[in-house]
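Trainee: One structure follows; several queries about it will come next.
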Amino acid sequence: DVKVTQSSRYLVKRTGEKVFLECVQDMDHENMFWYRQDPGLGLRLIYFSYDVKMKEKGDIPEGYSVSREKKERFSLILESASTNQTSMYLCASSFVNGNTIYFGEGSWLTVV
Amino acid sequence: QKEVEQNSGPLSVPEGAIASLNCTYSDRGSQSFFWYRQYSGKSPELIMSIYSNGDKEDGRFTAQLNKASQYVSLLIRDSQPSDSATYLCAVSPGSGNFNKFYFGSGTKLNVKP
């Protein structure tokens with residue numbers, strides 16, 4: 001079975017803090033994604049990566065950055081957390097020509 | 001912006017009935033279509049994928065695709081209370097665009113015993 005692991009499930013951070021969300025996949029997938037999910041807005045793509053050190057902006061990249069130093073690991077970084085970044089964050093991965101993406105369990109972030 | 005539209009619901013059906021979930025998409029170049037189920041507080045899980053026009057059946061689930069009408073649907077036969085969840089429609093342009101996936105906001109299904 002595909003395993004996408006998000007190490008931090010529930011976080012509470014203060015406004016202005018730097019936040020790291022880590023994601024690891026064990027299927028040797030080339031593509032990795034970060035989404036956020038908010039009620040009524042569905043899943044919105046923040047960033048995705050198609051190879052080590054390669055990244056592309058998604059639909060809502062403002063306030064976020066990403067890092068992919070190893071193929072299996074994709075990190076989402078909030079340089080200075082704000083309350084409007086309170087959300088559930090979902091990491092996902094897929095093969096480069098794969099037709100399916102697999103999600104991690106999600107990270108619930110609250111910024112106070 | 002690639003748009004995927006779903007009725008947010010909730011859609012309520014009695015146990016044993018057929019639940020019909022609908023999705024429209026704006027990008028005519030979309031090649032791959034998916035239905036994900038998401039229980040409250042959990043991550044989405046893939047239940048069906050469909051790539052060509054027509055019907056695809058898998059157990060109690062049937063996905064229907066009509067590319068001319070830019071419409072994809074999911075039928076759940078013999079609905080069970082355990083089917084109560086939010087169902088997300090997703091589309092992908094396929095090859096050539098790094099396999100980006102675009103999601104609808106989901107339809108909440110309630111199956112009443």
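Trainee: Averaged over A:27-37, how many beta carbons belonging to a partner chain fall within 10 Å of each residue's beta carbon?
Mentor: Per residue, the average neighbour count from other chains is 2.
Trainee: A drop of at least 10 square angstrom in accessible area, chain alone versus all protein chains together, probe 1.4 Å. Which residues of the range B:27-66 meet that?
Mentor: Listed in order, they are B:S32, B:F34, B:Y36, B:Q38, B:G41, B:K42, B:S43, B:P44, B:L46, B:Y51.
Trainee: Tell me, what ³J(HN,Hα) does each residue in the range B:45-50 have, in order and in whole Hz, if you take phi through Karplus 6.51 cos²θ - 1.76 cosθ + 1.60 with θ = phi - 60° and put x for Gly and Pro?
Mentor: For the range B:45-50, the Karplus-derived couplings read 10, 6, 10, 8, 9, 8 Hz, x marking Gly and Pro.
Trainee: Normalised radius of gyration for chain B, please: alpha carbon Rg relative to 2.2 N^0.38 Å, two decimal places. All intermediate terms of the calculation are to be shown ahead of the outcome.
Mentor: Working: Rg = 13.6 Å, N = 113, 2.2 N^0.38 = 13.3 Å.
The value comes to 1.02.
Trainee: Could you state the accessible area per residue of the protein assembly as shown in Å², with a 1.4 Å probe and every protein chain left in place? Before the final figure, lay out the partial values.
Mentor: Working: 10540 Å² over 225 residues.
Counting only protein heavy atoms, the per-residue value for the protein assembly as shown is 47 Å².
Trainee: Here's another thing I want to ask about it. Between chains B and A, what is the buried accessible area summed over both chains (1.4 Å probe, protein heavy atoms, nearest 100 Å²)?
Mentor: 1800 Å²
Trainee: Write down the Kirkwood hydrodynamic radius of chain A, to one decimal in angstroms, obtained as one divided by the mean of 1/r over all alpha carbon pairs.
Mentor: About 13.8 Å for chain A.
Trainee: Under 27 Å Cα to Cα from B:K100, which lysines show up? Leave out anything in the same chain fewer than 8 places away.
Mentor: Filter leaves A:K3, A:K53, A:K55, A:K57, A:K70, A:K71, B:K2, B:K42, B:K56, B:K67, B:K108.
Trainee: Can you give me the % of accessible surface on the protein assembly as shown that is carbon or sulfur? Probe 1.4 Å, all protein chains present, nothing else counted.
Mentor: 48 percent
The values are calculated or read from the model by the stated rules, or taken from the named source; none is laboratory data. Not measured: the values here are computed from a predicted model. Neighbour counts are summed over all protein chains in view; Cβ atoms, including those assigned to glycine, are modelled from backbone coordinates with ideal geometry. Note: accessible area is taken over every heavy atom of the protein model, side chains too, but ligands, DNA and RNA are not part of it. Shrake-Rupley method; radii C 1.70, N 1.55, O 1.52, S 1.80 Å.
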